[in-house]
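Some notes on the structure that comes next.
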Amino acid sequence: MAILPIIEAPDPRLKQISAPVTAFDDALKALVADMFETMYDAPGIGLAAIQVGVAKRVLVIDLQPDDPDAEPVPCNHDGHHHHHQPTLKEPRVFINPVLSDPSDELTVYSEGCLSVPDIYADVERPSRVRAQWQDLDGNHHDEVIEGLLATCLQHEMDHLEGILFIDHLSRLKRGMALKKLEKARRAA
Ligand code: GNR
Ligand code: NI
C-alpha cells in the first residue's frame, strides 16, 4: 500500500482519455488499494486513476470517509446522550463505468477537486444517472444513482475523458480559477 502523489492542473496528463481495464488481476487490486489510501489521506470523497498518473478507467468513491471531527449525533431515544459516533466507511469501486439516461432535473453542487486544490465552484449536473460498471472481480453492475454520489460519479467520469470541473465554468471563471492556482503555487 502506498499514498501516491496527486497530479495537479495544468499538468497535461489530466487531459488524457483513460483506457478500459481488461485485466482484473492483482495489479488492479493493488492500484485500487493505493487509490483508496491516497484518497483518504488527501482527504477527498473520490479519485480517478489518472489523478495518480494511471490512464485507466478506474474510480474510487467514499462519501463517508471516517471523519474524527464529525459532529456528534444524538443516538438515544431520549436525545439526551450525545456521544461521538464515527461515520462508517463506504468504499465503492467503479471500473469501466458508463453513464446514461441523465435526468432532466439538475443539481448544483459547489465542487472541488484534488487536482485543482483550494478552488471551489458551483457546477450543475443531472440529479440522477444510470450507471453501469464492473467491480474488482469483473462482475457487472447496473444502478440508478442519485444525490451526492451522482454528482461525484459524474465528476470522476469527467476525469476519464480528460475533463476537470473547471472546464464546466465560464471562460472568465475558469481563467480566475487557474490564475488563483498559479498564484498559490508560486507562493508555495
Ligand atoms: O474530494 C472531492 N470532493 C468533491 C466535491 C464535490 C464534487 C466532487 C468532488 S470529488 C473530489 C475529489 C476529486 O478530485 N475527485 O476527482
Ligand atoms: Ni477531481
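From the list 6, 50, the one residue that fits, being at pLDDT 95 or above, assigned to a loop (DSSP other than H, G, I, E, B) and within 16 Å of ligand 2 (Cβ to nearest atom), is 6. Would you say residue 96 is more than 16 Å from ligand 2 (Cβ to nearest atom), out of contact with any Pro (no Cβ under 8 Å at 6 or more places or on another chain), within 25 Å of residue 29 (Cβ to Cβ) and not hydroxyl-bearing (Ser, Thr, Tyr)? Considered against the rule, which asks whether it is more than 16 Å from ligand 2 (Cβ to nearest atom), out of contact with any Pro (no Cβ under 8 Å at 6 or more places or on another chain), within 25 Å of residue 29 (Cβ to Cβ) and not hydroxyl-bearing (Ser, Thr, Tyr), residue 96 comes out as no.
Conditions tested, residue by residue: (1) buried (at least 20 other Cβ atoms within 10 Å of the Cβ); (2) away from ligand 2 (no atom under 16 Å from the Cβ); (3) part of a loop (DSSP other than H, G, I, E, B).
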| site | (1), (2), (3) |
| --- | --- |
| 102 | no, yes, yes |
| 107 | no, yes, no |
| 111 | yes, no, no |
| 118 | no, no, no |
| 125 | yes, no, no |
| 129 | yes, yes, no |
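Going by what's in this entry, would residue 100 be described as polar (S, T, N, Q), touching a helix residue (DSSP H, G or I) at 6+ places or on another chain (Cβ under 9 Å) and touching a residue at least 24 places away in the same chain (Cβ under 8 Å)? For residue 100, the condition - polar (S, T, N, Q), touching a helix residue (DSSP H, G or I) at 6+ places or on another chain (Cβ under 9 Å) and touching a residue at least 24 places away in the same chain (Cβ under 8 Å) - is not met.
On the given criteria, is residue 60 within 13 Å of ligand 2 (Cβ to nearest atom) and either of a type in the set (A, V, I, L, M) or outside any loop (DSSP other than H, G, I, E, B) (or both)? Break it down into steps so the answer makes sense when it comes.
Working: within 13 Å of ligand 2 (Cβ to nearest atom): yes; either of a type in the set (A, V, I, L, M) or outside any loop (DSSP other than H, G, I, E, B) (or both): yes.
It is true that residue 60 is within 13 Å of ligand 2 (Cβ to nearest atom) and either of a type in the set (A, V, I, L, M) or outside any loop (DSSP other than H, G, I, E, B) (or both).
No other residue among 149, 136 is under 17 Å from residue 63 (Cα atoms) and surrounded by 14 or more Cβ atoms within 10 Å (Cβ to Cβ) apart from 149. Quick check on region 152-162. Is at least one of its residues more than 15 Å from ligand 2 (Cβ to nearest atom) and surrounded by fewer than 19 Cβ atoms within 10 Å (Cβ to Cβ)? Looking for residues that are more than 15 Å from ligand 2 (Cβ to nearest atom) and surrounded by fewer than 19 Cβ atoms within 10 Å (Cβ to Cβ), one finds none in region 152-162, hence no.
The values are calculated or read from the model by the stated rules, or taken from the named source; none is laboratory data. Being a predicted model, the structure only gives us computed values, none of them experimental. Note that we place each Cβ from the backbone using ideal geometry, even for glycine, and neighbour counts take in every protein chain shown.
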